[in-house]
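What follows is a short report on a single structure.
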Amino acid sequence: MATHPPAEQVDAVILVGGQGTRLRPLTLSAPKPMLPTAGVPFLEHLLSRIRAAGMTHVVLGTSYKAQTFAEYFGDGSSFGLDIDYVVEEVPLGTGGAIRNVADRLRADTAMIFNGDILSGLDLTALLTTHRTVGADVTLHLVQVDDARAFGCVPTDPAGRVTAFLEKSEQPPTNQINAGCYVFERSVIEQIPAGRVVSVERETFPGLLAAGAVVAGHVDSSYWLDLGTPSAFVTGSADLVRGIAPTMALPGPVGESLVLDGADVHPGAAISGGTTIGRDTTVGEGAVVERSVVFDGARIGPGARVTSSVIGAGAHVAASAVVANAVIGDRVVVGENCELVGGIRVWPGVELPAGSVRFSADS
Ligand code: GDD
Ligand code: MG
């Protein structure tokens, strides 16, 4: 009987080169995986789960704001990891990014991650499915209510993937690509080098057409793509509240995470999994629910912030109401302003006292 190498001998590859367009203006200053989420860069939560599964060699496929990753994670040793960086001067797409790291792989098998997914998947179980089937590639699959924004991935009764339809208007099932794969290195080496390749639109359909063994691993634990502001707020709150698994939370699980140097008035109410960043102030009577407040921000007395992101150094003045909004770095939201629903305020903008903005997306 064949013996299978344990997870320690599998390389982890994380795709972090995207521009995070849907999270602007937050992603103007930091790439999506580096955004502070429940107190640490989002990527740190994923790395903690990779480490807990036993993988130690991690390759980051970077492009947009590539240097920010190495500045924070260094060689990975303080995280118990050995991190390699590969930079695409011009983004190569998801498949091109995977091909581009091939010469850094040390094992015959690699686990590939989209860098913006929060999940409770048992990584070892994914590897076991891959090895039991003897697959060329194994995909983590989940069920969602609406598959149109994802890669739709039907499987046959034996769990073999039968098609891959990226962002289809009429998806045949609600089963989607969850953005985590096991690849045999030999398959990665067959992806064309030096040009843009979409793993979703080109590699997976090509493998299926060629008769490769592509297995599906369906899982129903926690799963969220943090690509939009509302998902980002939800994911951060779920990490703080212990609903989404992580080994990297910088404090106890609870209704709020208040980081060092935050000055929160005892008469303020912080709830719903809110994170209050370092060196912030929150005034008397302020209510902050289910939100992410970045370092150095100020929330004035009596202000009400719900399901929003407040950028670094931003100021929400007294009695302002901010709901479902993204407030960029250093923005000033004047006293008694009302910003409700899907509003995004670009860095540095100053909204005069009493401004009212509503959005149809609310
Ligand atoms: N290195 C590199 N180079 N990384 C990239 C590039 C690139 O050119 N383009 C995208 N990425 C990274 C992003 O940073 C992100 O971590 C990941 O690849 C996926 O890109 P997204 O832009 O977030 O894709 P998506 O959410 O629309 O769709 C993908 O994820 C869905 C699950 O959330 C697809 O894989 C879908 O099939 C899948 O259902
Ligand atoms: Mg995504």
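The values are calculated or read from the model by the stated rules, or taken from the named source; none is laboratory data. As the structure is a computational prediction, the values presented were derived from the model and not from experiment. Cβ placement follows ideal geometry from the backbone for every residue including glycine, while neighbour counts extend to all protein chains displayed. Side chains are part of the model used for accessible areas, which takes the heavy atoms of the whole protein and leaves out ligands, DNA and RNA. Shrake-Rupley method; radii C 1.70, N 1.55, O 1.52, S 1.80 Å.
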Exercise. Give the stretch 129-163 a look and list any residue that's open to solvent by less than 20 Å² (accessible area, probe 1.4 Å) and within 16 Å of ligand 2 (Cβ to nearest atom), or say none.
Key: LEU139, HIS140, LEU141, VAL142, ALA147, GLY151, CYS152, VAL153
Quiz item: Residues that are open to solvent by 10 Å² or more (accessible area, probe 1.4 Å) and within 25 Å of LEU126 (Cα to Cα): which strands (runs of 3 or more DSSP E) entirely in the stretch 178-287 hold 3 or more of them?
Solution: 214-218, 223-225
Quiz item: Can you tell me which residues in the stretch 332-358 are assigned to a loop (DSSP other than H, G, I, E, B), without any contact (Cβ under 8 Å) to a residue 40 or more places away in the chain and either in contact with a Lys or Arg (Cβ under 8 Å, 6 or more places away or on another chain) or more than 17 Å from PHE232 (Cβ to Cβ) (or both)?
Solution: GLY334, GLU335, ASN336, CYS337, ILE343, GLY348, VAL349, PRO352, ALA353, GLY354, SER355
Quiz item: Among (1) at pLDDT 95 or above; (2) within 27 Å of THR21 (Cα to Cα), which single condition is GLY348 missing?
Solution: (1)
Quiz prompt | Hits in the stretch 93-112 (condition: open to solvent by 10 Å² or more (accessible area, probe 1.4 Å) and within 8 Å of ligand 1 (Cβ to nearest atom)) | solution = GLY93, THR94, ASN100
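Is it the case that the stretch 143-153 has a residue that's away from ligand 1 (no atom under 13 Å from the Cβ) and either in a helix (DSSP H, G or I) or among the basic types (Lys, Arg) (or both)?
Taking the stretch 143-153 and keeping what is away from ligand 1 (no atom under 13 Å from the Cβ), we get 145.
Those left that are additionally either in a helix (DSSP H, G or I) or among the basic types (Lys, Arg) (or both): none.
No, the stretch 143-153 contains no residue that is away from ligand 1 (no atom under 13 Å from the Cβ) and either in a helix (DSSP H, G or I) or among the basic types (Lys, Arg) (or both).
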Quiz item: Among the residues of the stretch 105-121, which ones are more than 16 Å from ligand 2 (Cβ to nearest atom) and either under 16 Å from GLY179 (Cβ atoms) or without any contact (Cβ under 8 Å) to a residue 60 or more places away in the chain (or both)?
Solution: ALA110, MET111, GLY120
Quiz prompt | Total residues in the stretch 165-189, condition in contact (Cβ under 8 Å) with a residue 24 or more places away in the chain and more than 16 Å from ligand 2 (Cβ to nearest atom) | solution = 12
